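Taking it in order: structure first as structure tokens, then the write-up.
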Amino acid sequence: MSQAHQGGDGRRRVVIVGGGFGGLACARALAGADVDVTLIDKRNHHLFQPLLYQVATAALSPADIAVPLRGVLAKAKNVRVLLGEVCGIDPDRRQVSLTDGTTVPYEQLVLATGSAYNYFAHPEWAQQAPAPKSIADARHIRASLLKAFEDAERADDAAHREALLTFVVVGGGPTGVEMAGTIAELARHTLKGNFRNIDPACAKIILVEAGPRILSAFPEELSTYAVDALRRMGVDVRLGCAVEGLDDHGLDTKAGRINARTIIWGAGIKAAQGAAWLGGTHDRNGRIPVADNMAVVGHERIFAIGDVALLEQDGAALPALAQVAQQQGTHLGRELRVLAIPRPFRYRSRGDTAVIGRHSAVYSLGKYQLKGRFAWFLWGLAHVYLLIGFDRRALVMFQWIWRYLTFERGARLID
Ligand SMILES: Cc1cc2nc3c(=O)[nH]c(=O)nc-3n(C[C@H](O)[C@H](O)[C@H](O)COP(=O)(O)OP(=O)(O)OC[C@H]3O[C@@H](n4cnc5c(N)ncnc54)[C@H](O)[C@@H]3O)c2cc1C
């Protein structure tokens with residue numbers, strides 16, 4: 001092994017690309033080990049994506065759900081953080097390349113670059129239908145939502161006003177359901193009495209889903225419950241309604257045209273870069289196939305975890321979830337502390353949750369199912385538990401309780 005691939009004192013050098021759920025868990029599990037760790041991320045913060053929709057709908061501020069990577073890892077003296085964007089890997093030289101032209105050598109490499117939204121061969125749709133993936137996206141969506149109400153207040157033409165007050169969410173997965181439910185609450189409760197020419201409660205919120213049911217990863221009974229709950233909240237749920245085209249004034253679907261100024265995308269994801277850097281095989285969502293110890297097939301020194309990895313367990317691919325990425329990262333980090341070749345990983349689900357609105361959520365774990373208030377409570381607990389940093393947990397919890405009691409949204413800013 002050449003000197004470059006080792007850290008100080010000839011220690012093993014582990015490079016982690018991505019400080020999301022998987023990468024950060026891996027770095028934390030390696031803290032204090034006899035290994036030199038470099039965590040590279042193109043952002044300087046870890047982002048709690050499951051609560052992005054709350055930033056997009058003005059319930060939380062960006063700083064509530066993001067924490068600086070340097071701060072989280074300050075006490076881990078063997079871990080250094082590099083702000084930079086990786087653009088390639090040279091497995092023969094064992095180094096990663098960054099967009100600024102520099103390279104970082106590794107002895108072992110962990111890819112944890114996550115995923116991006118899938119616009120299904122129409123990347124241009126991202127322009128009209130942004131998706132909540134980063135803080136910038138969430139702020140952009142928040143501004144578009146709030147601006148639509150402002151513009152409607154000033155619009156004289158009835159058809160124009162109606163289009164301004166029509167909000168379409170594409171995709172009936174957890175993100176789409178959460179977005180649609182929260183926009184309905186914003187319109188029906190938070191903005192009540194705030195305008196003089198329009199009644200925000202008249203806003204149309206439409207959730208379009210290409211498939212026959214929403215929350216398709218959950219048991220059918222919970223999908224039905226979610227549809228009923230959304231409809232009670234005033235959301236128009238349209239099933240079997242695939243999007244065929246998008247423009248500045250609305251969208252064309254299999255079931256007809258919808259005029260709307262604000263369209264939010266929440267349909268499907270594809271793996272972030274990673275497979276292309278290795279030139280190997282990947283599935284149709286771009287995920288890198290890995291062995292049960294998360295080593296990339298054909299590359300024993302390179303590991304992939306989280307959304308970018310394709311790991312099959314009991315005959316099915318593990319889902320793209322924060323808890324999967326976090327468990328994989330923690331397992332891999334613990335293994336790499338002492339072993340050059342990690343032992344197999346086994347995912348243990350703590351259950352899947354999706355929130356629909358105020359005191360309405362679904363939870364499923366194997367044959368156990370919950371819906372309603374208690375599921376909502378569990379959803380809240382799970383998210384607060386996963387949040388990094390005690391200050392943030394306390395703050396977010398306090399804000400939720402306040403909002404629950406008052407319907408108030410403290411982050412109603414157009415910036
Ligand atoms: C809106 C939304 C809601 C969600 N809700 C839930 C939920 O309720 N429950 C749940 O379990 N999961 C949820 N998820 C999924 C969950 O967030 C992901 O499964 C999880 O973030 C995956 O972790 P990861 O470590 O693989 O990637 P990420 O957490 O996405 O982290 C990837 C990191 O890699 C960095 N990166 C990417 N490319 C590069 C590069 N080229 N160079 C350097 N750095 C790079 C990124 O900046 C990022 O920090 C949600 C996702 C979204 C978008």
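Results, tabulated for the structure shown:
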read-out: Cα-based Rg / Dmax (Å) for region 125-267; value: 14.5, 46
read-out: Extended-chain gain in nm, criterion 0.36 nm per residue less alpha-carbon gap, ASN259 and GLU300; value: 9.6 nm
read-out: Low-density loop positions, trypsin sites (Lys or Arg not before Pro), region 1-85 - DSSP coil, at most 12 other Cβ in 10 Å; value: LYS75, LYS77
read-out: Folded to 0 to 90 degrees: helix 390-406 orientation relative to the chain principal axis, Cα; value: 10
read-out: For HIS282, distant residues with modelled amide H under 5 Å away; value: none
read-out: Phi-based couplings in Hz for region 61-71 (Karplus 6.51, -1.76, 1.60; Gly and Pro marked x); value: 8, x, 5, 6, 10, 10, 9, x, 4, 4, x
read-out: Span from the region 276-294 Cα centroid across to the region 152-179 one, whole angstrom; value: 38
read-out: R0 of 22 Å, Cβ-Cβ distance TYR368-ALA217: FRET efficiency to nearest 0.05; value: 0.90
read-out: Viscosity 0.692 mPa s, 37 °C: Kirkwood-radius Stokes-Einstein D of region 265-415 over Cα pairs, µm²/s; value: 183
read-out: GluC sites (Glu not before Pro) restricted to region 214-278 and DSSP loop, no more than 15 other C-beta within 10 Å; value: none
read-out: Under 5 Å, built H, 5+ apart or other chain: amide partners of THR166; value: LYS204, ARG261, THR262
read-out: Approximate shape of the chain as ellipsoid semi-axes (Cα gyration tensor, √5λ), whole Å, largest first; value: 40, 21, 21
read-out: Counted charge near CYS202, where neighbours are those whose Cβ lies closer than 10 Å (Asp, Glu -1; Lys, Arg +1); value: +1
read-out: Residue-count net charge about LEU321 - beta-carbon cut-off 9 Å; Lys, Arg +1, Asp, Glu -1; value: -2
read-out: Theoretical gain in end-to-end length, HIS160 to HIS122 [0.36 nm per residue, Cα-Cα removed]; value: 11.0 nm
read-out: With at most 14 neighbouring Cβ atoms within 10 Å, loop chymotrypsin sites (Phe, Trp or Tyr not before Pro) (DSSP) excluded, longest segment of the chain; value: 196-415
read-out: Trypsin sites (Lys or Arg not before Pro) lying in DSSP loop within region 241-276, provided at most 14 other Cβ fall within 10 Å; value: LYS254
read-out: Carbon plus sulfur fraction of accessible area for region 125-267, probe 1.4 Å, in percent; value: 47
read-out: Å² per residue, accessible surface of the chain at 1.4 Å; value: 45
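The values are calculated or read from the model by the stated rules, or taken from the named source; none is laboratory data. Since we're looking at a predicted model, the values are computed, not measured. Neighbour counts are summed over all protein chains in view; Cβ atoms, including those assigned to glycine, are modelled from backbone coordinates with ideal geometry. The protein model used for the area step is the full one, side chains on, heavy atoms only, and it has no ligands, DNA or RNA in it. Shrake-Rupley method; radii C 1.70, N 1.55, O 1.52, S 1.80 Å.
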